[in-house]
Amino acid sequence: MNIYDIARLSGVSIATVSRVVNGSPNVSEKTKEKVLAVIKKSEYTPNVFARGLGLNSMKMIGILCPDISDLYMAQAVDAIRVGRIHNLDYLRLGKTPPVMNQLKYKFYEKTIYSLLKKTIGIENGNFFPTAGAAVPDEINEFVHSVGINMVVGYGLTESTATVSCTLPVGYDIGSVGVVLPGIEVKIGEDNEILLRGKTITKGYYKKAEATAAAIEPDGWFHTGDAGYFKNGQLFLTERIKDLFKTSNGKYVAPQALETKLVIDRYIDQIAIIADQRKFVSALIVPVYGFVKEYAEEKGIKYKDMEELLKHPKIVGLFRARIDTLQQQFAHYEQIKRFTLLPEPFSMERGELTNTLKLKRSVVAKNYSEQIEKMYEENEK
């Protein structure tokens, strides 16, 4: 039984199963109980099911497998280390791995890696394209380390999908690969990625103004994405229209910060606030289950989630984790203040698209009071 079977037997989508096992708050208690009941009845007990998704899925392991053994953890760590050397340090660069590493890799291929793939239902897959949102480097490295051939690509509706993608050999972690034949790409003003070629749209149907704004007379299409070339590969940096300009004239790319911070086990959703502000702040939706566990460990008493998220020890926990994760960013890009939200962003309130992308203008409007308070408190 794999994740597809669990979704079918639970009567929910695969995405919902994923949210349940990852502790997302965007799932009702009734649905959560139904999914967990199916998992517990399956041949994959919660313990094995958690193991199958690997060490990097710490959110799920924490929920389904709080008592996982230190021995297995050590074995999983070694499997990831061996896979990283085999697939990233050698095969990715077109080199042959050392014999001992090959033997260890084959062992883990028949044990940990194969169980992971079977658990999530991809044991018969060959390669797995991903696009539409940035892939954090940590996830990219983990997926390749456990032998999942993920192909990172870039494209738009206007480009008839793929513009570039990574190849099996020679790709750089963090890139979206090499440009496909027949497509021209150049970097324009403000580092904007411009496209031209047979697969690039000639215009928007009955929208002359939009066409003129997006496509130059010589055929170059403005993507609205910023990026650069390195080692013949394309790298994305941010959406130009999403760039925030602080009141001090500094530009901040919110998606870069959000992508970095959302990998933290305690953070489920995050919205960076900075446009025309003196400093960067953030609205954060925690993984409530883990926050509750932390509160219990520390003996924190509370009546509801809103009160808990205001407790100094909880705020301190998030402050420390945020400061650690944002060290690589310039001082003016770093989050100075944040608010922990007792409810997640939702599609019902218009804060998320149907593909779960953040609608920044709606979030800014719906949480205007909380946002203003962060800046008011700083000025006192």
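Bear in mind that the values in this text are calculations on the coordinates, not laboratory data. Here the structure is a predicted model, which is why all the values come from computation and not from measurement. Glycine also receives a Cβ, built like all others from the backbone with ideal geometry; neighbour counts cover every protein chain displayed.
Ordered from longest to shortest, the equivalent ellipsoid semi-axes for region 283-380 are 23, 19, 15 Å, each the square root of 5 times a Cα gyration tensor eigenvalue. Look at (1) 34, 31, 20; (2) 49, 23, 18; (3) 45, 25, 17: the one that is semi-axes √(5λ) of the Cα gyration tensor in Å derived from this structure is (1).
Taking 0.36 nm per intervening residue step and subtracting the Cα-Cα distance, what contour gain separates SER368 from LYS303 on full extension? Write out the running numbers ahead of the final one.
Numbers: separation 65, 0.36 × 65 = 23.40 nm, distance 2.55 nm.
Here the segment from SER368 to LYS303 would lengthen by 20.9 nm.
Taking every alpha-carbon pair within region 242-341, the share separated by more than 17 Å comes to 49 percent. Listed by Cβ neighbour count within 10 Å, with the fewest neighbours leading, MET347, MET100 appear as MET100, MET347. For the chain, the residue among TYR205, VAL35, TRP220 whose Cα projects farthest onto the positive side of the dipole built from Cβ charges is VAL35.
Taking ILE300, ILE120, ILE314 as the candidate residues, the one with maximal mean-square fluctuation in a Gaussian network model of the chain, Cα springs under 10 Å, is ILE300.
When the charge dipole of region 97-169 is built from unit charges on Cβ atoms (+1 for Lys and Arg, -1 for Asp and Glu) and taken about the Cα centre, the candidate among GLY147, ILE120, PHE107 whose Cα reaches farthest toward its positive end is PHE107.
Sparse packing (at most 13 other Cβ atoms within 10 Å of the Cβ) combined with a DSSP loop state is found for the following chymotrypsin sites (Phe, Trp or Tyr not before Pro) in region 105-147: PHE127.
Could you tell me the ratio Rg/Rh of region 170-212? Both radii from Cα atoms, Rh via Kirkwood. Intermediate values should be presented prior to the final figure.
Numbers: Rg = 13.8 Å, Rh = 12.8 Å.
Over the Cα atoms of region 170-212, Rg/Rh equals 1.08.
Let me check against my output: what whole-number percent is the relative contact order of region 230-380, with C-alpha pairs under 8 Å and at least 6 apart? Spell out each step's value before the answer.
On the way: 179 pairs, mean separation 30.2, N = 151.
Answer for region 230-380 is 20 percent.
Restricting region 107-151 to GluC sites (Glu not before Pro) that sit in a DSSP loop and have at most 14 other Cβ atoms within 10 Å of their own Cβ leaves GLU123.
Length, then width, then depth: along the principal axes, the Cα atoms of region 92-191 run 50, 30, 24 Å.
Give me the number: length gained by fully extending GLN102 to LEU9, i.e. 0.36 nm times residue separation minus the C-alpha to C-alpha distance, one decimal in nm.
On the way: separation 93, 0.36 × 93 = 33.48 nm, distance 3.86 nm.
Gain on stretching GLN102 to LEU9: 29.6 nm.
Normalising the average separation of contacting C-alpha pairs (under 8 angstrom, six or more residues apart) by the number of residues puts the relative contact order of the chain at 10 percent. For region 146-236, the fraction of alpha-carbon pairs lying more than 17 Å apart is 49 percent, rounded to a whole number. Think of each Lys and Arg Cβ as +1 and each Asp and Glu Cβ as -1; about the Cα centre, that makes the dipole of the chain roughly 500 debye.
Give me Rg over Rh for region 239-284, both radii from the alpha carbons and Rh done the Kirkwood way, two decimal places. Mind showing how you got there, number by number?
Numbers: Rg = 10.9 Å, Rh = 10.9 Å.
Here Rg/Rh amounts to 1.00.
Altogether, the Stokes-Einstein calculation at 4 °C and 1.567 mPa s, with the Kirkwood radius of region 71-122 over Cα pairs as Rh, returns a diffusion coefficient of 113 µm²/s. Per-residue extension of 0.36 nm, minus the Cα-Cα distance of LEU356 and LYS198, leaves a gain of 53.8 nm for this segment. A convex hull fitted to the Cα coordinates of region 336-377 yields 79 cubic angstrom per residue.
Ranked by Cβ crowding within 10 angstrom, fewest neighbours first, how are TYR171, TYR302, TYR288 ordered? Don't skip to the end; give the middle numbers.
Values: TYR171 22, TYR302 14, TYR288 19.
Result, fewest neighbours first: TYR302, TYR288, TYR171.
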